[in-house]
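A.B. asks: Supplied in structure tokens, the structure appears directly below.
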Amino acid sequence: MHFLKSESLPSEATDSWKQMTDILRISIHVSLHLVAPGAIAYLFFRHTWKWSWGIMVATMLVDLDHLFATPIFDPNRCSVGFHPLHSYAAICCYLILVFPTFTRVAAVGLLFHMLTDMIDWWIR
Ligand SMILES: [Zn+2]
């Protein structure tokens, strides 16, 4: 009996380690998707930083392209290069859209979104 109990400890330790890394990963995800665009807006678009922050957060709407995939969410799949609005062709368009002033904020938001999705996949 004692032997069985001691065998279950490594599994419990693994579970709590997984919970801790999950919390850390979710915190990084939320920070990168919501807080970091605010910092970028404040640093690079200071005169309109609140509006710019809103636009950048709104670029998360590109994740609607997940609805066309089966399954909609797969933690072992990198969004970048898979979903239509996360494709390399789309990313090239976002790069071009950095140049016109009126699309710049959205383009920076979209590019940062792609970077965030890649980071999410790297740290999964
Ligand atoms: Zn995405």
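A.B. asks: Restricting the search to the stretch 58-72, which residues are over 13 Å from the mean Cα position of the chain (by Cα), of a type in the set (A, V, I, L, M) and near the ligand (Cβ under 10 Å from one of its atoms)?
C.D. replies: 64
A.B. asks: Among the residues of the stretch 91-107, is any closer than 27 Å to residue 23 by Cβ and modelled with pLDDT of 95 or more?
C.D. replies: Filtering the stretch 91-107 for residues closer than 27 Å to residue 23 by Cβ gives none.
Within the stretch 91-107 (the criterion being closer than 27 Å to residue 23 by Cβ and modelled with pLDDT of 95 or more), the answer is no, since none of the residues qualifies.
A.B. asks: Among the residues of the stretch 17-37, are any within 18 Å of the chain's Cα centre (by Cα), modelled with pLDDT of 90 or more and of a type in the set (Gly, Ala, Ser)?
C.D. replies: yes
A.B. asks: What are the pairs with Cβ atoms under 7 angstrom where one residue, in the stretch 48-61, is without any contact (Cβ under 8 Å) to a residue 60 or more places away in the chain and the other, located anywhere, is among the β-branched types (Val, Ile, Thr) and part of a helix (DSSP H, G or I)? Sequence gap at least six, or different chains.
C.D. replies: Filtered contacts from the stretch 48-61: 52/105; 55/105; 56/40; 56/105; 56/108.
A.B. asks: If you don't mind, another one. I'd like the residue in the stretch 82-115 that is surrounded by 14 or more Cβ atoms within 10 Å (Cβ to Cβ) and in a loop (DSSP other than H, G, I, E, B) and, out of all such residues, is nearest to the ligand (Cβ to nearest atom).
C.D. replies: Within the stretch 82-115, the match that is nearest to the ligand (Cβ to nearest atom) is 83.
A.B. asks: State yes or no: is residue 47 within 16 Å of the ligand (Cβ to nearest atom) and part of a helix (DSSP H, G or I)?
C.D. replies: no
The values are calculated or read from the model by the stated rules, or taken from the named source; none is laboratory data. For clarity, every value in this text was computed on a predicted model and none was experimentally measured. Cβ coordinates were reconstructed from backbone atoms using ideal geometry, including for glycine residues, and neighbour counts include every protein chain displayed.
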